[in-house]
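Note sheet for the following structure.
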Amino acid sequence: MSVWVSEEVMRRGLRFCSRRSLWQQRNFLLSLPIKDSCSPGKQFFHLWSPRQSQTWLSRSPVSSVRFYSQEANHGDDLEDGERLPSQPADTASAERERKPPFLELLESCGSPSDVLDLTGKYSPTARQVSHCLTHMWATTKKMTDEQRRYELQLMFEHPAFDQLLQRAMKTVVHIRNEDVTYSLLSMVNLGVPQRSRVVQTFLRTCQEKLNDFDEKSLSVLASSLEQMEDGANVRALKEGMRLVVEARLPGIKNVMALQTMMRLLGKDAPKDLKWKLEKKALSMTDHFSLPNAQYMISTMATMGFFSKPLLDVCSNKITENIHGIPFNRLFKLLQSCRELLYRDVHLLTSISDYVASSLDIWTNKQLLLFLSVFENLVFCPAALMDAYADKVIANPDVLTLKDLLCVLKVYSSLSYDLQDRRQQFLDSLSHILSSYLPKISAFELLKAVYCLCLLGHFPYAPLEQLLQSSVLEKLAGSKFPKSQERMFQMVDVCLRVDRPPLPQPLTVPASVLGDPTPSTPSVNPRLLLDLQSLLEDQAHMMLQEGVMVENFYFIDAAVTKPTPNQTSVCEASIGGGEGCSPAESSERIAVIHAPQTRFCYGTSNPRGPLAVKIRHLKILGYNSVLVTEQDLQSVSEEARIDFLRERIFPQHHRPKTEPDEKEHLRS
């Protein structure tokens with residue numbers, strides 16, 4: 001009884017407040033606290049400032065801080081439990097004969113203002129109010145951002161908008177559950193403020209009806225809550241949704257509804273519930289459409305939940321239907337794969353091939369976004385890299401400075417070999433870079449030159465400008481000193497080792513190179529033991545551990561072995577009293593322990609600084625042998641030694657007649 005009395009007092013109090021005298025103007029800030037059903041101590045307020053409304057809209061095209069139900073209108077005299085008056089029965093048929101039905105008129109409306117004009121002429125029923133809100137949101141979907149912002153501003157200023165929301169609030173208890181959730185979703189998407197009375201009323205109604213919501217209504221409610229800020233009613237509904245979803249999970253039959261609820265539960269969902277959701281999703285994979293497969297991967301990224309079986313099913317579905325998928329979905333898919341650290345070579349290759357084969361349908365910005373996300377995935381999209389290089393060679397002037405820096409970053413990071421087109425491609429990039437030299441910033445110039453050095457290309461004009469004292473002074477106060485030092489160190493070692501033919505010799509000042517003493521990492525003990533075991537019976541071999549080359553490159557182990565032809569020559573020279581230098585009589589092998597991330601995914605191709613290291617060691621007389629952590633951990637000691645023997649002594653490697661234990665190392 002006390003609860004009923006409290007609600008009755010509150011209701012009558014609200015009615016009294018809504019009928020306050022007309023001296024209250026729109027530019028007042030009126031605070032009207034309403035108790036939150038989930039948190040009695042919480043309050044929210046109605047703000048009546050048009051200026052704030054404009055400020056909110058300037059920040060977001062779909063938002064407003066104008067709050068509703070301020071002045072009395074034809075709905076104010078209704079008790080909360082009363083229904084809106086309807087037309088008399090004897091005039092209803094005549095009305096239908098002389099004008100089209102309301103919903104037909106509604107469908108002809110092309111903007112929110114058109115809908116509001118219609119509601120001013122005809123009084124919509126309770127359910128038609130929901131249709132009006134939904135159609136208002138639908139009309140804004142296909143608008144440009146500028147047009148949407150303008151139309152929403154008109155909507156918030158329209159006098160019928162207050163009346164429509166007030167009517168929606170009064171009739172919420174009388175409409176179907178599905179209409180309640182669609183109305184809430186529409187208001188959220190239209191930018192009706194979350195703390196307004198109308199939105200909070202709908203949230204509380206959803207709480208009361210939550211147990212009666214069907215699968216579709218739960219899905220629509222989840223979409224609304226996903227976009228809303230945290231609040232007492234929102235938190236209560238999310239917790240209620242979690243309990244309802246967990247209880248009803250076995251009976252969910254719609255894939256999209258399952259995905260929507262998965263997104264709502266998010267990363268905070270208990271681990272056991274995530275496993276239940278995975279099991280349910282796997283049981284529905286036969287019903288996955290192509291959009292279902294795409295959306296499932298992004299849903300898993302939203303949840304922060306990695307399920308390889310489910311990801312593989314979705315990847316196969318997408319790969320089979322790759323043609324025709326629009327840019328936004330493909331890009332979102334690749335971003336989700338990155339967030340999940342999921343890389344399927346077949347899927348990524350299919351996307352690369354598809355984009356490359358349809359290059360003309362993509363804008364330059366879209367192609368660069370594809371290349372950038374592939375680079376973030378540490379995957380080399382060979383077909384796309386080739387196709388885009390041809391595009392740049394054909395028309396290099398299309399690249400802006402930002403585009404150029406992106407291209408340089410991607411191609412230098414992935415170290416892709418364009419073979420016979422390499423020089424033409426790099427010359428095109430250098431030409432464009434030279435055109436931007438008068439306006440490029442010092443740090444951008446450093447990044448561009450660094451990338452070109454990684455690619456083994458040394459245009460004189462950018463290098464000379466970078467090393468000018470005025471440019472170096474601008475870089476002195478950089479926010480990224482360590483990154484800057486690392487790039488200058490790479491430029492320095494490239495100039496010293498590659499020795500490019502420049503019009504004038506250039507050197508990097510020691511002042512920008514940072515600490516001249518390089519750090520010396522420890523040698524992997526398992527690698528060292530395997531090398532010692534391999535060479536223990538090789539009398540002419542010499543093994544050195546932890547070798548520093550050019551005061552920059554660290555080699556885990558250097559193996560020096562005599563060459564067969566030079567051995568006899570040196571013996572003859574020694575017999576004749578002449579010496580033979582080690583460099584002339586031996587072969588030097590640099591054994592390098594490299595993390596798997598230094599290779600392009602799915603290949604044994606080194607990338608970025610590791611590729612430059614191998615290039616420089618070759619110039620300095622070393623043949624490089626790369627060993628990954630996977631090579632050292634995946635097999636037995638005997639297999640590891642055989643693997644090293646195969647790489648260091650390829651001429652002694654026996655031909656294989658049956659599958660070997662090491663065969664899976666590079667798979």
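The values are calculated or read from the model by the stated rules, or taken from the named source; none is laboratory data. A quick note: this is a predicted structure, and the numbers were derived from the prediction, not measured. Quick reminder, even Gly has a Cβ in these numbers, built from the backbone with ideal geometry, and neighbours come from all protein chains shown. Protein only, heavy atoms only, side chains kept; ligands, DNA and RNA dropped before computing areas. Shrake-Rupley method; radii C 1.70, N 1.55, O 1.52, S 1.80 Å.
Going by what's in this entry, would Asp537 be described as farther than 24 Å from Gly608 by Cβ, among the charged types (D, E, K, R) and not in a helix (DSSP H, G or I)?
Details: farther than 24 Å from Gly608 by Cβ: yes; among the charged types (D, E, K, R): yes; not in a helix (DSSP H, G or I): yes.
Answer is yes for this residue.
Those residues that are more than 14 Å from the chain's Cα centre (by Cα), crowded, with 21+ Cβ neighbours inside 10 Å and β-branched (Val, Ile, Thr), I need them from region 294-315; list them, please.
none
Out of the residues in region 368-380 that are open to solvent by less than 30 Å² (accessible area, probe 1.4 Å) and out of contact with any Phe, Trp or Tyr (no Cβ under 6 Å at 6 or more places or on another chain), state the one that is nearest to Tyr601 (Cα to Cα).
Leu377
For every residue, the table says whether it meets (1) outside any helix (DSSP H, G or I); (2) among the basic types (Lys, Arg); (3) open to solvent by 40 Å² or more (accessible area, probe 1.4 Å).
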| site | (1), (2), (3) |
| --- | --- |
| Ile592 | yes, no, no |
| Gly602 | yes, no, yes |
| Leu610 | no, no, no |
| Ser624 | yes, no, no |
| Leu632 | no, no, no |
| Glu638 | no, no, yes |
| Ile641 | no, no, no |
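For the structure I just gave you, tell me whether Thr140 is open to solvent by 20 Å² or more (accessible area, probe 1.4 Å), closer than 20 Å to Tyr182 by Cα, polar (S, T, N, Q) and touching a residue at least 40 places away in the same chain (Cβ under 8 Å).
no
Looking only at region 402-433, which residues are of a type in the set (Lys, Arg), over 21 Å from the mean Cα position of the chain (by Cα) and open to solvent by 70 Å² or more (accessible area, probe 1.4 Å)?
Arg422 - this is the single residue of region 402-433 that is of a type in the set (Lys, Arg), over 21 Å from the mean Cα position of the chain (by Cα) and open to solvent by 70 Å² or more (accessible area, probe 1.4 Å).
What pairs come out if I take residues in region 614-640 that are at pLDDT below 90 and pair them with residues that are among the aromatic types (Phe, Trp, Tyr) and outside any helix (DSSP H, G or I) whose C-beta lies under 6 Å away, six or more apart or interchain?
none
Take Ala126 and decide whether it is at pLDDT below 90, of a type in the set (A, V, I, L, M), closer than 30 Å to Gln207 by Cβ and within 42 Å of the chain's Cα centre (by Cα).
Answer is yes for this residue.
Table: residues versus (1) open to solvent by 70 Å² or more (accessible area, probe 1.4 Å); (2) at pLDDT 90 or above.
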| position | (1), (2) |
| --- | --- |
| Ser69 | no, no |
| Leu103 | yes, no |
| Gly120 | no, no |
| Thr134 | no, yes |
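Could you list all residues from region 267-283 that are over 19 Å from Gln294 (Cβ atoms), exposed (fewer than 15 other Cβ atoms within 10 Å of the Cβ) and touching a residue at least 12 places away in the same chain (Cβ under 8 Å)?
Lys267
Can you tell me which residues in region 314-343 are of a type in the set (A, V, I, L, M, F, W, C) and part of a loop (DSSP other than H, G, I, E, B)?
Within region 314-343, Ile322, Ile325, Leu341 qualify.
Results for (1) open to solvent by 100 Å² or more (accessible area, probe 1.4 Å); (2) under 38 Å from the mean Cα position of the chain (by Cα); (3) at pLDDT 90 or above, shown as yes or no for each residue.
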| site | (1), (2), (3) |
| --- | --- |
| Leu502 | no, no, yes |
| Thr507 | yes, no, yes |
| Val512 | no, yes, no |
| Asp515 | yes, yes, no |
| Pro518 | no, yes, no |
| Arg526 | yes, yes, no |
| Leu535 | no, no, no |
| Gln538 | no, no, no |
| Met541 | no, no, no |
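Could you tell me whether any residue of region 150-164 is touching a residue at least 12 places away in the same chain (Cβ under 8 Å), small (Gly, Ala, Ser) and within 25 Å of Ala236 (Cβ to Cβ)?
Within region 150-164, none of the residues are touching a residue at least 12 places away in the same chain (Cβ under 8 Å), small (Gly, Ala, Ser) and within 25 Å of Ala236 (Cβ to Cβ).
Among the residues of region 214-256, which ones are part of a helix (DSSP H, G or I), of a type in the set (Lys, Arg) and surrounded by fewer than 17 Cβ atoms within 10 Å (Cβ to Cβ)?
Lys216, Arg235, Arg248
All but one of (1) more than 30 Å from Leu472 (Cβ to Cβ); (2) assigned to a helix (DSSP H, G or I); (3) touching a residue at least 12 places away in the same chain (Cβ under 8 Å) hold for Ile432, so report the exception by its number.
So Ile432 meets the others, but not (1).
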